[in-house]
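Worksheet for the structure shown next.
Only the coordinates and a few stated rules stand behind these numbers; no lab work does. None of the values given here were measured: they were computed from a predicted structure. Note that each Cβ is placed from the backbone with ideal geometry, even for glycine, and that neighbours are counted across all protein chains shown.
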Amino acid sequence: MSGEDYKLARVNKGLSQGAAAVAITKLLADVNGRTVSKQYVSQWEKEEKFPKKYHLEAMTAVYGVPMTAL
């Protein structure tokens with residue numbers, strides 16, 4: 001899993017970083033009340049920070065890809 005994989009999955013879904021953050025936050029808010037910002041998405045893609053497992057699970061749902069693609 002790399003930042004480039006995260007970015008490719010997001011771009012292939014046609015989402016901006018902001019739209020991805022909103023979609024991931026909506027999923028996580030229903031489960032554990034967590035939020036994701038556009039800055040987090042950017043940091044994941046630049047590999048400055050790494051998403052937690054629950055972030056990855058939400059990303060797979062939002063981006064429509066299997067966990068192995070991330």
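Structure notes:
- Cα long-axis angle, helix 53-63 against the chain (0 to 90 degrees, to the nearest 10): 70 degrees
- Applying both filters, DSSP loop and at most 15 other Cβ atoms within 10 Å, to the trypsin sites (Lys or Arg not before Pro) of the range 6-58 gives Lys13, Arg34, Lys46, Lys49, Lys52.
- Partner lysines for Lys46 [C-alpha distance under 17 Å; skip if fewer than 8 residues away on the same chain]: Lys7, Lys38
- Whether the chain is rounded, prolate or oblate, judged on the alpha carbon gyration tensor where a/c under 1.5 counts as rounded: rounded
- Low-density loop cleavage sites - GluC sites (Glu not before Pro) in the range 31-62, where at most 11 other Cβ are within 10 Å (DSSP): Glu48
- Using alpha-carbon coordinates, inclination of helix 3-12 to the longest axis of the chain, degrees: 80 degrees
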